Amino acid sequence: MPAKAHPNRANGVNLIDTVKTAVFFHAHPDDEALLTAGTMAMLAAEGHRVVLVVATSGERGQADIEPGEELGATRLAELYKSAAALGCARVVNLGYGDSGLAPDGGIAEDRPGDAFIDADTEEAARRLAAILTEEKADLLTIYDPAGGYGHPDHVQVHRVGGRAAEIARTPIVLEATVNRDPLLRALRLAVRFYPQLDIRAFERAYSPGEVITHRVNVRRFARQKRASMAAHASQATGADTRTLGVLLKIPQPLYRLVFGTEWYVRRDAPLGSRLRHPFEIPPKG
């Protein structure tokens with residue numbers, strides 16, 4: 001008989017008393033820190049099993065280290081440090097090549113031969129499904145169809161993850177995303193002060209508020225989320241302005257406010273659902 005999760009109530013939601021397994025599927029090391037770290041820490045604190053799977057080692061990312069095997073090894077070491085901060089029980093790297101930041105990964109000649117976006121979707125899905133089956137996963141997180149901000153490997157995570165859940169019959173699939181509406185409002189305000197800022201790409205990025213089904217309050221786990229971000233030190237360097245470097249400079253009280261919510265879309269939940277916990281049962285449509 002599975003042990004009881006503790007506590008049995010989170011964010012005001014009554015939870016099922018059995019321990020469950022949640023698999024978080026990401027494209028590269030550090031993606032988990034930005035989108036799902038608070039939820040991962042919360043589920044681990046409640047006693048659930050949290051498994052982190054990445055498709056690549058992120059060896060083509062920007063950093064002070066030149067792209068390649070050394071950077072990939074560095075980023076995987078950072079991933080394990082992040083996972084430890086979040087309470088993950090297992091970390092798996094599927095071992096595909098990082099496709100790079102260019103749209104569609106750039107031309108094929110510029111990509112590694114094993115680039116994730118060139119992988120056969122069915123074959124990659126079966127590899128992930130094997131992990132889901134082994135873990136008896138109750139939940140899988142992927143990305144929204146846009147891949148968040150459009151990175152080709154993120155789009156592939158959506159395709160591969162969705163198919164893997166079908167194969168493994170994983171009952172809950174959540175698309176990790178960001179509420180596009182307040183993001184666009186903030187960016188439009190910022191344009192007044194920074195006219196050179198081009199926000200057109202964000203008009204199609206992430207998900208509009210109307211389709212978001214889960215708004216998970218993770219403020220109590222801001223410390224763990226910040227530690228997860230800080231673990232990826234290589235991604236705070238290597239360019240004029242790195243997202244992680246900027247975010248880690250935000251004072252802790254403001255950090256809790258800015259990163260206190262994580263958003264998900266569950267496609268089989270009724271439109272307009274406002275769920276507060278990944279395992280919360282959606283209302284009937």
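Counting only heavy atoms of the protein chains, get the accessible area per residue of the chain (1.4 Å probe) and round it to a whole Å² value.
On the way: 13560 Å² over 285 residues.
Ligands and nucleic acids excluded, the figure is 48 Å² per residue.
Rounded to the nearest 20 debye, the dipole size of the chain about its Cα centre is 1720 debye, using +1 on the Cβ of Lys and Arg and -1 on the Cβ of Asp and Glu. Taken over the chain, the percentage of Cα pairs per 5 Å bin, counting from 0 up to the bin with the maximum distance, is 1, 6, 12, 16, 20, 19, 14, 8, 4, 1, 0, 0, 0. The apolar share of the surface of segment 114-217, taken as the fraction of accessible area on carbon and sulfur atoms (1.4 Å probe, ligands and nucleic acids excluded), comes to 53 percent. Its convex hull of Cα atoms gives segment 119-164 a direction-averaged projected area, equal to a quarter of the hull surface, of 3.0 nm². Panel values: segment 128-220, Kirkwood radius from alpha carbon pairs, Stokes-Einstein at 20 °C and 1.002 mPa s, translational diffusion coefficient 144 µm²/s.
Taking all protein chains together and rolling a 1.4 Å probe, residue 226 ends up with roughly 50 Å² accessible.
How compact is segment 37-116 by the rule of thumb for globular proteins, expressed as Cα Rg over 2.2 N^0.38 Å? Intermediate values should be presented prior to the final figure.
On the way: Rg = 14.6 Å, N = 80, 2.2 N^0.38 = 11.6 Å.
Segment 37-116 yields a ratio of 1.26.
Mean residue ellipticity, 222 nm, helices only, the chain: the sum of -39500 (n - 2.57) across DSSP H runs of n ≥ 4, divided by residue count and rounded to 500, is -10500 deg cm²/dmol. For segment 162-274, the alpha carbon convex hull comes to 158 Å³ per residue, rounded to a whole number.
Antiparallel DSSP bridges in the chain: what percent, to the nearest 5? Please list the in-between numbers first.
On the way: 10 of 32 bridges.
Counting only bridges with both partners in the chain, antiparallel ones make up about 30 percent.
Here segment 24-68 exposes an accessible surface that is 45 percent carbon and sulfur, computed with a 1.4 Å probe and the other protein chains kept in place.
What fraction, in whole percent, of alpha-carbon pairs in segment 45-86 exceed 13 Å separation? The proportion of pairs with Cα distances above 13 Å equals 57 percent.
The values are calculated or read from the model by the stated rules, or taken from the named source; none is laboratory data. What you are looking at is a predicted structure, and each value in this text was computed from that prediction instead of being measured. Note that each Cβ is placed from the backbone with ideal geometry, even for glycine, and that neighbours are counted across all protein chains shown. Please note that ligands, DNA and RNA were not included when accessible areas were found on the heavy atoms of the full protein model with its side chains. Shrake-Rupley method; radii C 1.70, N 1.55, O 1.52, S 1.80 Å.
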